[in-house]
Amino acid sequence: MVINMAASEAVLRVPSGSLSPSSRLSSSFLTSTPLLSFKPSSTRKRRGIRCTNSLARGKTSHCPNSVFKGKKLQSTRCKCQRNDVEENIRSTLLPSDGLKSDLDEMPLPVNGNLSSNGSAQSVGTNSIEDEAWDLLRQSIVYYCGSPIGTIAANDPNSTSVLNYDQVFIRDFIPSGIAFLLKGEYDIVRNFILYTLQLQSWEKTMDCHSPGQGLMPASFKVKTVPLDGDDSMTEEVLDPDFGEAAIGRVAPVDSGLWWIILLRAYGKCTGDVSVQERVDVQTGIKMILKLCLADGFDMFPTLLVTDGSCMIDRRMGIHGHPLEIQALFYSALVCAREMLTPEDGSADLIRALNNRLVALSFHIREYYWLDMKKINEIYRYQTEEYSYDAVNKFNIYPDQIPSWLVDFMPNRGGYLIGNLQPAHMDFRFFSLGNLWSIVSSLATNDQSHAILDFVEAKWAELVADMPFKICYPAMEGEEWRIITGSDPKNTPWSYHNGGSWPTLLWQLTVASIKMGRPEIAEKAVELAERRIALDKWPEYYDTKRARFIGKQARLYQTWSIAGYLVAKLLLANPSAAKFLTSEEDSDLRNAFSCMISANPRRTRGRKKTQQPFIV
Ligand code: GLC
């Protein structure tokens, strides 16, 4: 069977020679003048984006670049001749002016000293920050001369690159925010607009195309020969929607993060012209439509497959994982702020508002866990067939895991990882909890309680390196069954209880929002003792995060950017507002209507409230 996937092509042509590297970095990079012009697209189907290098055979390209070949950065001019593109897989990178571009020659960080007991001593934080900025700039990916993102990891000693040489949407968020806070807006603007062009690219997996509106997990800049002309090459943005990813996982979080970054860009720069563009508005609506589409689900939470977010491997988080719900809520709130009113969008806005109310009610009521709630679950009646059941999801009290009984402090609480019929995932997932604070999905009291919990459980959640991705790790038979015996997700490693320095930035936003920046300060101080010395690992292993992760990349960009964002925000806490959302009074009213109608509080009484329609 032949399937014709022909689609309209968007070819962005850049006159060669129009961009010199120095002008890019010294002037254009620091201004908000677009380097390329973007046309609002009428059709949203793309075959990637192309940028042609019009080259005579044997001549050098007019766009000097450093070429990232395999795992080695070569400081070279981009000779876009036929021979050079045979590999067909390369990302173009351009290091900052004055910095060495050959990673093999790049001096490794020498900021820390080991004390006699083996622990790293605190080092000059400015030098750590300077090094982080250098590394972040070295991770910038260029497309036709314009900065458009940062690669996931720039580890010169890694033997297998896998897809860490790509620009991941989720990984770029801290990079983008660091650049915004530094006043370097172009890269973020370019990222937003180029990834928008990649949305819903007609790629397929086994004859199936991703849903319209889906944003890719990652993309790569490839240099390929121009169709029909051997002497010409072009740069192509090649997205991956999960069809090449390990496990073929769906990047549900990408579009949600894209909306959150778009809103932060507008707030930080004061330039709302990007979010007001017709194609950007269409992009927002497509993401929303995909998320708000009717399905078979009974819950207002978003139903997803396993590994559809930062945890992108099988970890038993299919269903309604908290991280996705927090990002979903946050994206809905951000989108509501940015959508320009027009005739056609009234239904969408109504659906969005209804979902916001239902979602926040559902999470706040049914995901919340503290001592009181555990005790309630412990005494649950089961098999309640009725509209006013207290134990709506038929949770059997025996599900309460033994570790939880001792783990839950008297003060504090958190949102559980997942809720399904007859199933509560009691694990603590950091990103979901932190982003529930940031987005105000959690109530004010719950947000404080989550931070109380973090403080009470510092030894478990932070220990030697912030921050555990989830707690506790799955071990033994549980690990075997739930991860499918994943050798990367062994207990207290990687996604299964590993510690991820990138989470520092979300912790910082959350603690600043709640007026408790000292929590983030403490965590940053701890990270500074080792992170540069350890070469900015992707994650740490063991219960106390004592080892660099077994298979962790070094010079992981979002570890570097996460640290920088935390530092920048602690120095200027009011900038956290670009990322946070406050609950508005409509939502608060709607929520209190629903809460007083909840049978858990009104058992035995006749229901008087009508369902709330916004
Ligand atoms: C790993 C992480 C994922 C990240 C990617 C690139 O797969 O689980 O969250 O986006 O690496 O850094």
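Residue selection: GLU342 satisfies the criterion of being surrounded by fewer than 18 Cβ atoms within 10 Å (Cβ to Cβ), among the charged types (D, E, K, R) and either more than 16 Å from the ligand (Cβ to nearest atom) or within 18 Å of TRP435 (Cα to Cα) (or both). Pairs linking a residue in the range 165-184 that is among the aromatic types (Phe, Trp, Tyr) to a residue that is within 14 Å of the ligand (Cβ to nearest atom), with Cβ atoms under 7 Å and 6 or more positions apart or on different chains, are PHE168/ALA152; PHE168/ALA217; PHE168/SER218; PHE172/GLY149; PHE172/THR150. Of all residues in the range 559-571, those satisfying the criterion of being under 23 Å from ILE140 (Cα atoms) and away from the ligand (no atom under 14 Å from the Cβ) are TYR563, LEU564, VAL565, ALA566, LYS567, LEU568, LEU569. Which ones in the range 537-558 are crowded, with 23+ Cβ neighbours inside 10 Å, among the hydrophobic types (A, V, I, L, M, F, W, C) and either within 12 Å of the ligand (Cβ to nearest atom) or over 25 Å from GLU455 (Cα atoms) (or both)? Hits for the range 537-558 are ALA552, TRP558. Of all the listed residues (ASN433, ASN444, ASN418, ASN391), the sole one being modelled with pLDDT of 95 or more and over 22 Å from the mean Cα position of the chain (by Cα) is ASN444. SER574 meets each of the listed conditions (1) more than 15 Å from the ligand (Cβ to nearest atom); (2) crowded, with 24+ Cβ neighbours inside 10 Å; (3) under 17 Å from ALA510 (Cα atoms) apart from (2).
Summed over the range 491-507, residues that are more than 16 Å from the ligand (Cβ to nearest atom) and under 19 Å from LEU569 (Cα atoms) total 1. The set of residues in the range 207-245 that are among the charged types (D, E, K, R) and in contact (Cβ under 8 Å) with a residue 12 or more places away in the chain comprises LYS220, LYS222, ASP230, GLU234, GLU235, ASP238, ASP240, GLU243. Selection of the range 278-330 for residues being assigned to a loop (DSSP other than H, G, I, E, B) and more than 30 Å from SER493 (Cβ to Cβ) yields ALA293, ASP294, GLY295, PHE296, ASP297, MET298, PHE299, PRO300.
In the range 419-434, the residues that are of a type in the set (S, T, N, Q) reach residues that are part of a strand (DSSP E or B) with C-beta atoms within less than 7 angstrom, at least six apart or across chains, in these pairs: GLN420/GLY319; SER430/LYS468; SER430/CYS470; ASN433/TYR414; ASN433/LEU415. MET371 fulfils the conditions (1) modelled with pLDDT of 95 or more; (2) crowded, with 18+ Cβ neighbours inside 10 Å except for a single criterion, (2). With respect to ILE349, determine if the residue is touching a residue at least 12 places away in the same chain (Cβ under 8 Å) and more than 16 Å from the ligand (Cβ to nearest atom). Here the answer is yes, as ILE349 does meet what is asked. Just one of the listed residues (GLU342, GLU323, GLU276, GLU337) is among the acidic types (Asp, Glu) and in contact with a strand residue (DSSP E or B) (Cβ under 7 Å, 6 or more places away or on another chain), and it is GLU323. For the range 164-208, a residue qualifies if it is surrounded by fewer than 17 Cβ atoms within 10 Å (Cβ to Cβ) and either over 21 Å from ASP134 (Cβ atoms) or under 17 Å from the mean Cα position of the chain (by Cα) (or both), and the qualifying residues are GLU202, THR204, MET205, ASP206, CYS207, HIS208. Examine the range 508-524 for a residue that is under 16 Å from ALA132 (Cα atoms), away from the ligand (no atom under 16 Å from the Cβ), over 18 Å from the mean Cα position of the chain (by Cα) and not acidic (Asp, Glu), and state whether such a residue exists. Within the range 508-524, one or more residues are under 16 Å from ALA132 (Cα atoms), away from the ligand (no atom under 16 Å from the Cβ), over 18 Å from the mean Cα position of the chain (by Cα) and not acidic (Asp, Glu).
A count restricted to the range 308-333 and to residues that are of a type in the set (D, E, K, R) and either surrounded by 24 or more Cβ atoms within 10 Å (Cβ to Cβ) or free of Cβ contacts under 8 Å to residues at least 12 places away in the same chain (or both) stands at 1. Within the range 522-578, the residues that satisfy the criterion of being of a type outside the set (Val, Ile, Thr) and in a strand (DSSP E or B) are TYR540, ASP541, PHE547, GLN556. Scanning the range 165-185 for residues that are within 11 Å of the ligand (Cβ to nearest atom), aromatic (Phe, Trp, Tyr) and not in a strand (DSSP E or B) turns up just one, PHE172. Can you say whether VAL252 is in contact with a helix residue (DSSP H, G or I) (Cβ under 7 Å, 6 or more places away or on another chain), among the β-branched types (Val, Ile, Thr) and within 16 Å of the ligand (Cβ to nearest atom), as far as the supplied structure shows? It is true that VAL252 is in contact with a helix residue (DSSP H, G or I) (Cβ under 7 Å, 6 or more places away or on another chain), among the β-branched types (Val, Ile, Thr) and within 16 Å of the ligand (Cβ to nearest atom). Checking every residue in the range 480-488 against the condition of being crowded, with 19+ Cβ neighbours inside 10 Å and assigned to a helix (DSSP H, G or I) gives at least one match. Among the residues of the range 278-299, is there at least one that is aromatic (Phe, Trp, Tyr) and under 17 Å from the mean Cα position of the chain (by Cα)? There is no residue in the range 278-299 that is aromatic (Phe, Trp, Tyr) and under 17 Å from the mean Cα position of the chain (by Cα). The number of residues in the range 230-247 being outside any loop (DSSP other than H, G, I, E, B), within 14 Å of the ligand (Cβ to nearest atom) and farther than 14 Å from VAL167 by Cβ comes to 2.
Within the range 140-164, the set of residues being more than 16 Å from the ligand (Cβ to nearest atom), of a type outside the set (Ser, Thr, Tyr) and not in a strand (DSSP E or B) comprises CYS144, GLY145, PRO156, ASN157. Applying a threshold of 9 Å to beta carbon distances and a minimum spacing of six or more residues, or different chains, the list of pairs starting in the range 138-160 at a residue that is over 10 Å from GLN556 (Cβ atoms) and ending at one that is β-branched (Val, Ile, Thr) and part of a loop (DSSP other than H, G, I, E, B) reads ILE140/ILE151; VAL141/ILE151; CYS144/VAL14; GLY145/VAL14; SER146/VAL14. The C-beta contact set for the range 487-514 (first residue farther than 17 Å from THR557 by Cα and at pLDDT 95 or above, second residue buried (at least 24 other Cβ atoms within 10 Å of the Cβ) and hydroxyl-bearing (Ser, Thr, Tyr), distance under 6 angstrom, 6+ apart or interchain) comprises LYS488/TYR494; GLY498/TYR539.
The values are calculated or read from the model by the stated rules, or taken from the named source; none is laboratory data. If you're wondering where the values come from, they're calculated on a predicted model, not measured in any experiment. Quick reminder, even Gly has a Cβ in these numbers, built from the backbone with ideal geometry, and neighbours come from all protein chains shown.
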